[in-house]
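Q: Please find one structure pasted underneath; my questions will follow.
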Amino acid sequence: MIFENMGQLKKKCAPIIKLDGRDISILDEPKLRGKLIDDLIYTAVFSADKSTQEAACWLIRNTARTLGIYSSSIQPLYEAMGRSEITGFTVPAVNIRMLTYDAAQAIFRAAMKAKAGPVIFEIARSEIDYTMQRPVEYACAVKAAAIKTGYRGPIFIQGDHFQINAKKFAADAATETQTVKNLIWEAIDAGFYNIDIDTSTLVDLTKNTVKQQQKKNYVLAAELTTMIRDLEPEGVTISVGGEIGEVGGKNSTVEELHAFMEGYQEELKKNGPSLEGISKISVQTGTTHGGVPMADGTVAEVKIDFDVLKELSEVARSKYGMAGAVQHGASTLPDEAFDKFPAVGTAEIHLATGFQNIIYDSATFPADLREKIYQYLKTNFKNEWKEKDTEEQFIYKTRKKGFGPFKLELWHLPAKTRDKLGAQLEKQFSFLFEKLNIGGMQETVKKYVQPVDIPLEMPAALKIQD
């Protein structure tokens, strides 16, 4: 159910959670996990009353804090990887585009069974728009899922591809840069303590030298890093990622890595001699976001240059103290590819479209809703239908844009349907955690990542006594 007003919300919460200033006491955890948390996250996502929505978000975030569930930066762990104190695993960064509350529960269940960690929950700038999930909603859904499943410990929430749009930047650099800065600010307020800056869209391969090619990239990356350092909460060093090659373009090189890092470090020192730099570097090794759909809708096989990935990861660690290189666009790779990432020292891989495909293509997913979404896409995005593409290719490329407009209908899928979809996702997450060698690493994560208590200002509506 949705809490339609503050009075109803307070009445339902009173026997289960007690407020004392910004502190919360859990009076009945089984009831919290059984029904109340479902209603709180539903209210946080769909309430038309802003004050009630804000109160539900605050209650979720502070209840999580009370239970020992806290937003964290992965920076200390990545620093240890940069020193080669811990090796042999790759961190999965999972983009959840649909059924966020259910999918996050599947991740936590798989992680708890395997005592796995770390796992990053992330959402990209573009995904925020077409899934209609602002950062605070996304963070609340993840934390609500942690409460629901009984998870305890750090949660790593990441802004993925907080990207500069090259065309918009060329037309009005100041406005486009400020748009990304505003998003960074919003995300940090929501508990995103991991931010991947993507200014690689500004790399200009027509320039004569590699450093000139990378200049706009590293100058703006340093500017955005400086802003993040100004905004990060006391006691937290936000993990910042950079990128040297646009995914889907040519493969990255060591020369490009050196050119970017040398320029980036020079610029960062101008802004502050002791500013902490990036902890990882995203590179291109042959993948494309979402995979390449064939005429029949299947995805073409992609060959990753693991030698490039290995070399760039080694240089990133040995020369610059970073955790290593980051691989994007990995979720549609064949199963046998995933254990190669830890073998070559990959720090992190980003996984998105494969989970979307599991849900859409599942026999459990209602055929009538799937067809309704596809008809919506054909009507509203026909300008994106390229003449050379079959209908299957068009649908594959655009179906991610159905998540936002149909978010309410997806949320109202029958419980049995959502449970079956969650089980299918959990199976895939368990497989990936095993392949990426993060099983049994929960205690290692807790060793390096300590909880930091970040005060959350109570909404005015919650302060008012009935």
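Q: For region 345-371, give me each residue that is more than 20 Å from Thr100 (Cβ to Cβ) and either surrounded by fewer than 21 Cβ atoms within 10 Å (Cβ to Cβ) or outside the structural domain of Lys420 (by TED's automatic domain parsing) (or both).
A: Within region 345-371, Ala363, Ala367, Asp368, Glu371 qualify.
Q: For region 363-415, please list each of the helices (runs of 4 or more DSSP H) lying entirely inside it that holds at least 3 residues being in contact with a strand residue (DSSP E or B) (Cβ under 8 Å, 6 or more places away or on another chain).
A: Correct list: 391-398.
Q: Confirm whether Tyr130 is more than 28 Å from Gly404 (Cα to Cα) and touching a Lys or Arg at 6+ places or on another chain (Cβ under 8 Å).
A: So Tyr130 fails the test.
Q: If you don't mind, another one. Can you tell me which residues in region 191-226 are touching a Lys or Arg at 6+ places or on another chain (Cβ under 9 Å), surrounded by fewer than 19 Cβ atoms within 10 Å (Cβ to Cβ) and among the hydrophobic types (A, V, I, L, M, F, W, C)?
A: Within region 191-226, just Leu205 meets the criteria.
Q: Ok, one more. Just to be sure I understand the filter: pairs with C-beta atoms under 7 Å, separated by 6 or more residues or on different chains, first member in region 366-390 and closer than 25 Å to Lys420 by Cα and modelled with pLDDT under 95, second member surrounded by 13 or more Cβ atoms within 10 Å (Cβ to Cβ) and among the basic types (Lys, Arg). Which pairs pass?
A: Partner pairs satisfying both residue conditions: none exist.
Q: Which one of Leu432, Leu425 is closer than 20 Å to Tyr138 by Cα, touching a residue at least 24 places away in the same chain (Cβ under 8 Å) and among the aliphatic types (A, V, I, L, M)?
A: Exactly one residue qualifies, and that residue is Leu425.
Q: Related question: Counting only residues that are hydroxyl-bearing (Ser, Thr, Tyr), free of Cβ contacts under 8 Å to residues at least 24 places away in the same chain and assigned by TED's automatic domain parsing to the domain that holds Ala352, give me the helices (runs of 4 or more DSSP H) lying completely in region 150-253 with at least 2 of them.
A: Result: 173-189.
Q: Something else about it: Which ones in region 429-454 are out of contact with any strand residue (DSSP E or B) (no Cβ under 8 Å at 6 or more places or on another chain) and farther than 17 Å from Thr149 by Cβ?
A: Those that are out of contact with any strand residue (DSSP E or B) (no Cβ under 8 Å at 6 or more places or on another chain) and farther than 17 Å from Thr149 by Cβ: Phe431, Glu434, Lys435, Asn437, Gly439, Gly440, Met441, Glu443, Thr444, Lys447, Tyr448, Gln450.
Q: I would also like to ask the following. Just wondering, is there one or more residues in region 437-448 that are touching a Lys or Arg at 6+ places or on another chain (Cβ under 9 Å), surrounded by fewer than 16 Cβ atoms within 10 Å (Cβ to Cβ) and not aliphatic (A, V, I, L, M)?
A: yes
Q: Suppose we filter Ile60, Ile2, Ile107, Ile37 for residues that are assigned to a loop (DSSP other than H, G, I, E, B) and at negative phi; which single one remains?
A: After ruling out the rest, the residue left standing is Ile2.
The values are calculated or read from the model by the stated rules, or taken from the named source; none is laboratory data. All of these numbers come straight from a predicted model, not from anything done at the bench. Positions of Cβ are generated from backbone atoms using ideal geometry, with glycine treated the same way; all protein chains shown enter the neighbour counts.
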